[in-house]
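These notes are about the structure you will find just below.
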Amino acid sequence: MESAPNKESTSRATPRGPANQPVISCRGVVKKFDGRTVLDGIDLDVMPGETMVIMGGSGSGKSTLLRLLIGAIKPDAGQIMLFGQDTATLKESELNEVRKKFGILFQSGALFNSMTLEENVALLLHEHTPLPSELIDIEVTIKLELVGLRQHANKYPAQISGGMKKRAGLARALALDPRLLFYDEPSAGLDPVTSAQIDQLIVDLSKKLGVTSVVVTHEMDSAFTIADRMAMLDKGRMLTVESRQWFDNVRKAPHDESIAWPEDHRLIRQFLRGDAEGPITERRSLTEFHEELLGPSDTERPATIPSVQPTRGR
């Protein structure tokens, strides 16, 4: 019987902080909405300096996991450690101090339309640091230069493209020199060339700044470009967390070889390749037939879960 590809380890980042202590550590994380389990026993470690890509289809729990990691909601069970602190036990004031250590790039960029790009970036510095205006101006210029927008500092969000909005949002996420960056679908709504530029920017920032990155995406080209390790969610379960090379081996494996794999590995292969046939579509067809006959049960009705971002990129 053939088995899935062997585990391999790859990393290109320069760690900031103790290399053996996870920046993020999740153990047995459970989250429910209206009695429906959205995440079921999630375990995940994100190490200093690495780029972790979290993947999964629609409804797999990616956005919910991201909201838990940033402290927007709390788990119903399990533990989430961020920088060595259990976020579920922190007071709001304590959690706000932890939040200063990370930045978030939302799908749409989430810029304030009434402010210029430099004003958007400067906002966090004015609110959370004692720096004088002269030093804040210097910091803003540095951050905009990092994302290639220094010459567009005086423009408003309505005057720039979608890709430039993403880069401006990233400059703002970098304002407080975070140790950790969260990216929510950074390539969403972008053309292939602009998407590739955003991917390269993520890689470059990881190299230059040594930040730890967590990227939620279902764009496979982006995932394989930026990831050190990848995590695959399916219907609230963590199927596996492996190196980029392991996932690449699964993606490229011949069909005849994959037939003998466990169902979870075949499911991963189908998702990575975007194949029309496989465990995902077989399961979907069975579910649709069951619901056509009997109707959805109360536990199967999708819960209304607010998005982590104010607006969506597409």
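The values are calculated or read from the model by the stated rules, or taken from the named source; none is laboratory data. Everything quoted here is computed from the prediction, not taken from an experiment. Cβ: placed from backbone, ideal geometry, glycine included. Neighbour counts: every protein chain shown.
Descriptive notes on the structure:
- Among the residues of the stretch 101-110, not a single one is farther than 24 Å from Glu145 by Cβ and assigned to a strand (DSSP E or B).
- The single condition among (1) loosely packed, with under 12 Cβ neighbours inside 10 Å; (2) on the phi > 0 side of the Ramachandran plot; (3) not aliphatic (A, V, I, L, M) that Gly148 does not satisfy is (1).
- Residue count for the stretch 75-93 under the criterion of being under 21 Å from the mean Cα position of the chain (by Cα) and not in a loop (DSSP other than H, G, I, E, B): the result is 9.
- Among the candidates Asn113, Asn96, residue that is in a loop (DSSP other than H, G, I, E, B), among the polar types (S, T, N, Q), surrounded by fewer than 20 Cβ atoms within 10 Å (Cβ to Cβ) and out of contact with any Asp or Glu (no Cβ under 9 Å at 6 or more places or on another chain): Asn113
- Members of the stretch 162-185 found to be outside any strand (DSSP E or B), among the charged types (D, E, K, R) and under 14 Å from the mean Cα position of the chain (by Cα), listed by number: Glu185
- Considering each residue of the stretch 43-59 in turn, none proves to be among the hydrophobic types (A, V, I, L, M, F, W, C) and over 27 Å from Glu242 (Cβ atoms).
- Within the set Phe106, Phe112, Phe102, the sole residue that is out of contact with any strand residue (DSSP E or B) (no Cβ under 7 Å at 6 or more places or on another chain), of a type in the set (Phe, Trp, Tyr) and at pLDDT below 95 turns out to be Phe112.
- Residue within the stretch 163-174 that is surrounded by fewer than 14 Cβ atoms within 10 Å (Cβ to Cβ), farther than 15 Å from Thr116 by Cβ and out of contact with any strand residue (DSSP E or B) (no Cβ under 7 Å at 6 or more places or on another chain) present: no
- Ala72 modelled with pLDDT under 95, surrounded by fewer than 22 Cβ atoms within 10 Å (Cβ to Cβ), within 22 Å of Ser213 (Cα to Cα) and more than 15 Å from the chain's Cα centre (by Cα): no
- Qualifying residue in the stretch 231-247 (condition: surrounded by fewer than 22 Cβ atoms within 10 Å (Cβ to Cβ), assigned to a helix (DSSP H, G or I) and modelled with pLDDT of 95 or more): yes
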